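Enquirer: Please read through the structure below; I'll follow up with questions.
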Amino acid sequence: MSTASMPVVSPATDEVRGISRESGAKPFPFLNLKAQYAEIEESVREAVDRVLKSQIFILGEEVKKFEAEVAGLVETPHAIGCASGSDALLLTLMALGIGPGDEVITTPFTFVATVGAVVRLGARPVFVDIDPATFNIDAAQIESVLSDRTRAIIPVHLFGLPANIGAIMQIAKARNLPVIEDAAQALGARYDGRPVGSFGATGCFSFFPSKNLGGAGDGGLITTGDASLAERLRSLRAHGARNKYHYDMVGINSRLDSLQAAILRAKLPHLDCWSAARRGNAERYRGLFADAGLLDVVTLPSCPAECLHVYNQFTIRSTDRDRLRESLQRRGIPSEIYYPVPLHLQRAFESLGYKKGQFPESESASREVLSLPIDPSLQPQQQAEVVHAVAKFYGR
């Protein structure tokens, strides 16, 4: 799950890195949230004012309405708002009773929250390498790591591209294993025409500000088709209480704020348009990279025919990634790296005992990936500047 912030490239940042920007370069933000706000300022202010007048700040009608609207979008009967995408994963694992001695299959090429939630409960993440074309978990490798301790599978719909959820669900159903979809970056994405978040036991979403549907802070949500699981999740997010001050289980405090729900409701009607703009920008990039003759040195993101991509990121690959990024920075072109170190090599997970070389595709991706601006407000001329800067680096 990716909840990393989206900093703009600034002269101060470049100075720290020892990079001097070329004269005449005009930097622009990686993600232009100010432009988005200017487009919807009136409706957001009305939403905020509505909550302030109500003085109901935790859960309440705004959250209930937002939950119903997202449930409709994802085509599931139930949606449960919570404090973050990270908590959406944690709450799901808690609700499924996963704990010490259990194993959960997932990918090492993802945001830390995916694995952190598993480890936090004393369970063991069992990693499966990625498909290098999609960056998502390689479904063909899952059966090789199944054991009698396997309790769940967490595929990640990374960068807004659905994982091979059809194949994953077949494997899981054959063994009666719950699938937890980490759809933090993929609200609105579809696999075979069906929304992500509607396949597994739950779908876990994030509304971190950099997401395609981002709030004014942290926020998350869980979708499910299981009524009893939904009831358990609602209890767990509120300290384990079904009724006020009566606790049936030990839960956590992970309630969605009314202000966040109201702001997200103001933004939700624009989501399809914003996602379409991202897809349009992705197609323009493809044409520009092809016209510049760069397809032999840069690998563009793939999108299998059965998938509807929402491009939370437009992530290319380059075997000379670090020098390319420095060159782009000198020309005022912002970029980000998601993710520079796969989780099996992170210090926080040393105790799991994984070693360098065990997941070569994830390690290779971490050395080569570079995400370029894909914001809906991105202008064609800005995209042309991005590709021109890449072409200059390669002497094209």
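Enquirer: Looking at the range 83-127, which of its residues are of a type in the set (Val, Ile, Thr), in a loop (DSSP other than H, G, I, E, B) and surrounded by fewer than 24 Cβ atoms within 10 Å (Cβ to Cβ)?
Expert: Residue satisfying the conditions is Ile98 alone.
Enquirer: Would you confirm whether or not the range 165-182 contains a residue that is charged (D, E, K, R), surrounded by fewer than 22 Cβ atoms within 10 Å (Cβ to Cβ), in contact (Cβ under 8 Å) with a residue 40 or more places away in the chain and part of a strand (DSSP E or B)?
Expert: No, the range 165-182 contains no residue that is charged (D, E, K, R), surrounded by fewer than 22 Cβ atoms within 10 Å (Cβ to Cβ), in contact (Cβ under 8 Å) with a residue 40 or more places away in the chain and part of a strand (DSSP E or B).
Enquirer: Residues in the range 276-292: is at least one aromatic (Phe, Trp, Tyr) and not in a helix (DSSP H, G or I)?
Expert: Here is the first cut: in the range 276-292, the ones aromatic (Phe, Trp, Tyr) are 285, 289.
If we keep only those that are not in a helix (DSSP H, G or I) as well, we get none.
The answer is no; no qualifying residue exists.
Enquirer: Here's a follow-up. Scan the range 329-352 and tell me whether some residue there is out of contact with any Lys or Arg (no Cβ under 7 Å at 6 or more places or on another chain), at pLDDT below 95, farther than 18 Å from Pro132 by Cα and part of a loop (DSSP other than H, G, I, E, B).
Expert: Yes - at least one qualifying residue is present in the range 329-352.
Enquirer: Here is a follow-up. On the given criteria, is Pro132 in a loop (DSSP other than H, G, I, E, B), on the phi < 0 side of the Ramachandran plot, in contact (Cβ under 8 Å) with a residue 12 or more places away in the chain and in contact with a strand residue (DSSP E or B) (Cβ under 9 Å, 6 or more places away or on another chain)?
Expert: The answer is yes for Pro132.
Enquirer: Follow-up. Quickly run through the range 226-253 and pick out the residues that are closer than 18 Å to Ala71 by Cβ and not in a helix (DSSP H, G or I).
Expert: Asp226, Arg237
Enquirer: Separate question: From the list Ala389, Ala348, pick out the single residue that is within 30 Å of Pro100 (Cβ to Cβ) and in contact with a Gly (Cβ under 9 Å, 6 or more places away or on another chain).
Expert: Values: Ala389 fails: within 30 Å of Pro100 (Cβ to Cβ).
After applying the criteria, what remains is Ala348.
Enquirer: Further, regarding this structure: So how many residues does the range 117-173 have that are among the aromatic types (Phe, Trp, Tyr) and in contact with a helix residue (DSSP H, G or I) (Cβ under 6 Å, 6 or more places away or on another chain)?
Expert: Matching residues across the range 117-173 total 2.
The values are calculated or read from the model by the stated rules, or taken from the named source; none is laboratory data. All figures in this text were calculated on a predicted structure; none of them were measured in a lab. All Cβ positions, even for glycine, are placed from backbone atoms using ideal geometry, and neighbour counts span all protein chains on display.
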